[in-house]
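Each remark here refers to the structure printed beneath this line.
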Amino acid sequence: MQYFVYHFQIFLLIMMRMSSMIVIAPFFSSGVIPFRLKALIAFLITLVIFPVIAGKNMAITGDMGTYYLLILKEVLIGLYIGFLVSIVFTAFQLAGEFYSVQIGFGISEVLDPLAQISIPLLGQLKNLIGLLVFLFLNGHHFLIKAIYRSYELAPVIPMELGKSSDLLKFLVHSMSGMFIIALKIALPIVGTIFLVSVTLGVLAKAAPQMNILMLGFPLKIAVAFGVFIIITPLVIRIMYVSLERSFKFISKVIMYWPT
């Protein structure tokens with residue numbers, strides 16, 4: 001108990017980094033999980049890794065102003081690690097947006113319990129499939145390990161602002177990859193619906209008496225869901241590879257963390 005009291009400042013900094021990751025990371029940030037339970041998870045995980053990190057004899061400043069800056073730094077690091085994974089889930093939702101616009105489902109939106117925002121039905125479906133793949137890969141365990149490993153290369157010490165440019169480069173690289181992942185998932189259905197639209201346009205010219213508008217809407221939906229059922233194994237494989245690469249990328253970010 002005496003050891004904990006003397007190192008309470010370090011404990012609070014560790015908990016700030018862990019809590020901020022839980023606030024934004026997939027699965028942990030779900031609105032289904034009560035806030036008190038999230039705080040309890042952060043506290044228990046911090047309690048486990050605290051003795052190892054505090055045993056490295058880190059020097060903490062006695063200046064309150066500097067300590068507040070350290071707390072801010074810990075929050076930003078936790079948000080950064082969690083955000084790198086949440087970008088992949090944003091790509092899954094973006095792919096669902098591409099689907100919805102093409103088949104006319106863009107006006108039907110539901111509340112996403114993970115992000116607490118309204119997204120199209122297909123975006124929610126993609127998000128749930130991605131979450132199952134995330135849990136299958138033990139992504140929730142990986143995020144906890146990533147926070148722990150981050151203390152090896154980003155310890156509880158001030159970081160120079162000039163060295164944070166590398167973190168921005170990693171972030172830009174992740175966000176550009178988000179559109180590539182979304183396009184890979186959406187391309188088969190978007191391409192198929194485009195061909196259906198061209199075919200309906202030709203039919204409208206060949207047979208003007210046909211009500212192509214009323215025929216096209218259910219036809220696009222049927223074709224889109226038919227193609228989606230066929231390519232579901234491919235979509236799951238793309239999600240699996242994307243999350244796996246995201247985990248490797250986070251490991252690389254931690255390895256080359258600017259200190």
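Against the definition (modelled with pLDDT under 80, hydrophobic (A, V, I, L, M, F, W, C), out of contact with any Leu (no Cβ under 8 Å at 6 or more places or on another chain) and under 23 Å from S251 (Cα atoms)), how does I53 come out, yes or no?
Spelling it out, I53 is indeed modelled with pLDDT under 80, hydrophobic (A, V, I, L, M, F, W, C), out of contact with any Leu (no Cβ under 8 Å at 6 or more places or on another chain) and under 23 Å from S251 (Cα atoms).
No other residue among I185, I180 is surrounded by 14 or more Cβ atoms within 10 Å (Cβ to Cβ) and among the β-branched types (V, I, T) apart from I185.
For residues that are hydrophobic (A, V, I, L, M, F, W, C) and touching a residue at least 24 places away in the same chain (Cβ under 8 Å), tally how many sit in segment 186-237. Step through it out loud before you land on a result.
So the first thing to find is which residues in segment 186-237 are hydrophobic (A, V, I, L, M, F, W, C), and the list is 186-187, 189-190, 193-196, 198, 200, 202-204, 206-207, 210, 212-215, 217, 219, 221-225, 227-231, 234-236.
Within this subset, residues satisfying the condition of being touching a residue at least 24 places away in the same chain (Cβ under 8 Å) are 186, 189-190, 193-194, 196, 217, 221, 223-224, 227-228, 231, 234-236.
Counting residues in segment 186-237 that are hydrophobic (A, V, I, L, M, F, W, C) and touching a residue at least 24 places away in the same chain (Cβ under 8 Å) gives 16.
Close contacts from segment 127-148, counting a first residue that is over 17 Å from I87 (Cβ atoms) and part of a helix (DSSP H, G or I) and a second that is among the basic types (K, R) and at pLDDT 80 or above, with Cβ to Cβ under 7 Å and a gap of 6+ residues or different chains, come to I147/R17. Of all residues in segment 161-199, those being hydroxyl-bearing (S, T, Y) and modelled with pLDDT under 75 number 2.
Quick grid of which residues meet (1) in contact with an Asp or Glu (Cβ under 6 Å, 6 or more places away or on another chain); (2) under 20 Å from Q93 (Cβ atoms); (3) among the hydrophobic types (A, V, I, L, M, F, W, C):
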position: V190; (1), (2), (3): no, yes, yes
position: V202; (1), (2), (3): no, no, yes
position: Q209; (1), (2), (3): no, no, no
position: F217; (1), (2), (3): no, no, yes
position: A224; (1), (2), (3): no, yes, yes
position: I230; (1), (2), (3): no, no, yes
position: S242; (1), (2), (3): no, yes, no
position: S246; (1), (2), (3): no, yes, no
position: I254; (1), (2), (3): no, no, yes
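Filtering segment 13-34 to residues that are farther than 19 Å from S86 by Cα and either free of Cβ contacts under 8 Å to residues at least 60 places away in the same chain or in contact with a strand residue (DSSP E or B) (Cβ under 8 Å, 6 or more places away or on another chain) (or both) leaves M15, P34. In the condition set (1) surrounded by 18 or more Cβ atoms within 10 Å (Cβ to Cβ); (2) closer than 20 Å to T232 by Cβ; (3) modelled with pLDDT under 80, L125 is compliant with all but (1).
The values are calculated or read from the model by the stated rules, or taken from the named source; none is laboratory data. Treat the numbers as computed from the prediction; the structure is a model and nothing was measured. Neighbour counts run over all protein chains shown; Cβ positions are idealised from the backbone, glycine included.
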